[in-house]
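A quick write-up on the structure given underneath.
The values are calculated or read from the model by the stated rules, or taken from the named source; none is laboratory data. None of the values given here were measured: they were computed from a predicted structure. Methodologically, a virtual Cβ is constructed for each residue, glycine included, from the backbone with ideal geometry; neighbour enumeration extends over all protein chains shown. These area figures cover heavy atoms from the full protein model, side chains too; ligands, DNA and RNA do not enter into them. Shrake-Rupley method; radii C 1.70, N 1.55, O 1.52, S 1.80 Å.
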Amino acid sequence: MVLSMSLVVQKYGGTSVGTVDRIKDIAGRIAAVTRDNHRIVVVVSAMNHETDRLMMLAHEISAQPDARELDLLLSSGERTTIALVAMMLKELGVKAQSFTGRQVGIFTNSAHTKARIERVVADRITAALEHKFVPIVAGFQGINEQSDVTTLGRGGSDLTAIALAASLHADRCEIYTDVDGVYTADPRIVPTAKRLDCISYEEMLEMASLGAKVLQDRAVVFAANHQVRIVVKSSFANGSGTKVIKEHKGMERNAVSGVTYDRNQAKVTLVGVPDTPGIAARIFDPVAQANIIVDMIIQNIGQDAMTDVSFTVTKDDVSRAIEVMNCVAQEIHAKRVEVTRDIAKVSLVGVGMRAHSGVAAKMFVVMANEGINIMMISTSEIKISCVIEEKYVETAVELLHREFELDKAVR
Ligand code: ADP
Ligand code: ASP
Ligand code: MG
């Protein structure tokens, strides 16, 4: 009997649980699902801005807080929310039980603040469902082999929800947030942006990786690998939202599906590097060892057997990247390390680019006409990214959205 009932994992983000009134509202939605006889597992984030607040506290104490302690601190935001949501459901007469990442059995590696999920056990969740409880799970957290608390990277509650949906073979994973789906651009920057009815995993992954934080990029990878059906919806309104699905031919209508931006970028340049074989490995191996993710890389054409190497990292990683580069600069006898923080990345994404030419050229013309200097470029089959000065981000996103007629997109 229980086995034939559908199972849905619902995830509520920070603004959706931001106040006691909001918690009351979503508890009402959860109660309605149980009345319809569906089984439901709920994953919640920390209350609005709570993770940022905890992060700031840690940074008041240390410029580089100890990663193990930071993870324990950050995980407390989600613990508060699960207890409050479970209490609220009980007030509404719904049987509910809260679970931390440890209690669920979300096992990760030890890469604190960006730990990777290694396995999900979820026996207690299955048992709670069998006893007709609604499990309320803390997003964003797991434990490593030593039972230390780890966190899954910013936006990681999406990953918790999708990993649980995969492990429990849920019918679908509903991501509830403060916008009613995935748009052609951030609707807060581009008021004419259009909601997409559906988007492929591949496009969603590019958009998420390139700054559209409506879904965490790692969560999208996990969903694609395990074929988890995702729908992104608003917790403030009813509507069909955006389905994230497997790509099919009918999807290739526009060259570009969306414009994204990412301000969380910084450029590090190693000036006066000896232009000899093996130098790139000597620069980037220590960066990888320090668990720092490098995005774009450019090497200037060398003169007098010297060259400059620039690369981008997230602003969160920039202090560590500078530390590593200062050591590398000494070892390889480079002249100096320079850092530019006021940059951003603007990107066009679309599976349709595979079949269209001239997208990059059109993007560069838009930038040129506005006098926006492009510092770095990177492309793949389905995306083009440019690094520009941060002050031009909003203008660039709006102009590109208009130029590629995304305000007219119909899907
Ligand atoms: P939550 O706290 O629910 O996880 P997030 O703040 O992480 O919510 O993600 C939702 C936000 O993502 C929206 O408020 C919106 O401003 C932003 N966003 C950026 N790009 C897009 C896009 N292309 N479509 C929809 N939302 C976007
Ligand atoms: N609370 C965490 C964050 O703000 C995780 C999440 O919201 O998904 O990044
Ligand atoms: Mg989020």
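Results, tabulated for the structure shown:
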read-out: Residue in region 38-49 that is basic (K, R) and within 16 Å of ligand 1 (Cβ to nearest atom) present; value: no
read-out: Scope region 212-224; condition at pLDDT 95 or above and either closer than 25 Å to A344 by Cα or open to solvent by 10 Å² or more (accessible area, probe 1.4 Å) (or both); matching residues; value: A212, V214, L215, Q216, D217, R218, A219, V220, V221, F222, A224
read-out: Strands (runs of 3 or more DSSP E) wholly inside region 301-411 that include at least 3 residues being aromatic (F, W, Y), open to solvent by less than 80 Å² (accessible area, probe 1.4 Å) and at pLDDT 95 or above; value: none
read-out: Selection within region 208-234 - over 8 Å from the mean Cα position of the chain (by Cα) and under 12 Å from K11 (Cα atoms); value: I230, V231, V232, K233, S234
read-out: Criterion violated by L89 - all others in (1) closer than 25 Å to K213 by Cα; (2) touching a helix residue (DSSP H, G or I) at 6+ places or on another chain (Cβ under 6 Å); (3) open to solvent by less than 60 Å² (accessible area, probe 1.4 Å) satisfied; value: (1)
read-out: Subset of region 210-241 [closer than 24 Å to S385 by Cα and away from ligand 2 (no atom under 16 Å from the Cβ)]; value: L210, A224
read-out: Count of residues meeting criterion [touching a residue at least 40 places away in the same chain (Cβ under 8 Å) and either within 14 Å of D178 (Cα to Cα) or surrounded by 18 or more Cβ atoms within 10 Å (Cβ to Cβ) (or both)] in region 9-21; value: 8
read-out: Residue count for region 192-207, restricted to those that are open to solvent by 10 Å² or more (accessible area, probe 1.4 Å) and assigned to a helix (DSSP H, G or I); value: 4
read-out: Enumeration of residues in region 170-183 that are part of a loop (DSSP other than H, G, I, E, B) and more than 14 Å from the chain's Cα centre (by Cα); value: A170, D171, D178, V179, D180, G181
read-out: Residue ID - surrounded by the fewest Cβ atoms within 10 Å (Cβ to Cβ), chosen from residues in region 155-175 that are within 7 Å of ligand 1 (Cβ to nearest atom) and within 18 Å of I26 (Cα to Cα); value: S157
read-out: Residue match in region 55-66 (condition: more than 21 Å from the chain's Cα centre (by Cα), open to solvent by less than 70 Å² (accessible area, probe 1.4 Å) and farther than 15 Å from T150 by Cα); value: yes
read-out: Selection from region 225-234 of residues that are open to solvent by less than 30 Å² (accessible area, probe 1.4 Å) and away from ligand 3 (no atom under 12 Å from the Cβ); value: V228, I230, V231, S234
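This table checks each residue for (1) among the hydroxyl-bearing types (S, T, Y); (2) more than 30 Å from A321 (Cα to Cα); (3) more than 16 Å from ligand 3 (Cβ to nearest atom); (4) modelled with pLDDT of 95 or more.
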position	(1), (2), (3), (4)
K24	no, yes, yes, yes
A32	no, yes, yes, no
A58	no, no, yes, yes
D71	no, no, yes, yes
E78	no, no, no, yes
A86	no, yes, yes, yes
L89	no, yes, yes, yes
